[in-house]
Ligand SMILES: NC(=O)c1ccc[n+]([C@@H]2O[C@H](COP(=O)([O-])OP(=O)(O)OC[C@H]3O[C@@H](n4cnc5c(N)ncnc54)[C@H](O)[C@@H]3O)[C@@H](O)[C@H]2O)c1
């Protein structure tokens, strides 16, 4: 799908980080925006910055864990603009660092609620609108942690693997309806965002000792880091190129290739 002026895009988790980067990149292409987030103060600040730069923005606070909240977001989008072209299911939190057997049940519930059901709720609310229009695209944010193992973050990495599988299947289902419909999954490496701080503010993690203060600290140990805007541009390039996956970031290709090679090596030779 071409991303063009006058189109309408919805972004969840838009108050910060990758969601804000997507909003900036879309606004730079003249796309009209519906921005959503659970943090109303952050959402208002993000909208004010984008409007000051000339963007057309509507804000709708919503909790992606709640289907009725996301359905209200879809209704508000149609009331405001009468159309929707691109839906970015991006909201997220990170889980505490611990091996699987030490992860708590409420962490699993939160991660599945936000990271997996949040995407399901977005597709359920918006797919009928895209199908009725006969054209449109979903961009679901997963992570490079969904392309390969990510030790000590199983609630996070499990939902990311699920969002990748969900998006691959969704794309087939949408293209069965019309070839002008589709989905892309964004699987970046490290991105310079306040994901840890926002997750702590939302009660997802406690930032215990040993948790890096920022993504930059993690990057210092693991290699490079992307800006949110670079990540967003990679996602839009993938959408416009008809790619199902966008996986920007240092070492992401190598980790994904290693996992696929391990899988292929485990399969019986034909
Ligand atoms: N930062 C990274 O290194 C990185 C790498 C790969 C993938 N990701 C993924 O990118 C997505 C965006 O994260 P980010 O790094 O930009 O972090 P961020 O904290 O800057 O942005 C996430 C936003 O989601 C919002 N949010 C959280 N729970 C919500 C809910 N229930 N309903 C609505 N909004 C909610 C937060 O308020 C926040 O504004 C996440 O899904 C994350 O897992 C991040």
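The values are calculated or read from the model by the stated rules, or taken from the named source; none is laboratory data. Just so we're clear, the structure is a prediction, and the values are computed from it rather than from any experiment. Every residue, glycine among them, receives a Cβ derived from its backbone with ideal geometry; neighbour counts consider all protein chains shown.
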Which helices (runs of 4 or more DSSP H) does the range 43-133 wholly contain that include 3 or more residues that are crowded, with 22+ Cβ neighbours inside 10 Å?
-> 67-81, 117-133
If you go through the range 12-34, how many residues are outside any loop (DSSP other than H, G, I, E, B) and within 10 Å of the ligand (Cβ to nearest atom)?
-> 7
Could you run through the range 39-89 and say how many residues are at positive phi and out of contact with any helix residue (DSSP H, G or I) (no Cβ under 9 Å at 6 or more places or on another chain)?
-> 1
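Residues are listed down the side, and each one gets a yes or a no for (1) at pLDDT below 95; (2) within 15 Å of the ligand (Cβ to nearest atom); (3) surrounded by 14 or more Cβ atoms within 10 Å (Cβ to Cβ):
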| site | (1), (2), (3) |
| --- | --- |
| 161 | no, yes, yes |
| 171 | no, no, yes |
| 193 | no, yes, yes |
| 196 | yes, yes, yes |
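Taking the conditions exactly as written (modelled with pLDDT of 95 or more and over 21 Å from residue 199 (Cβ atoms)), does residue 127 satisfy them or not?
Yes.
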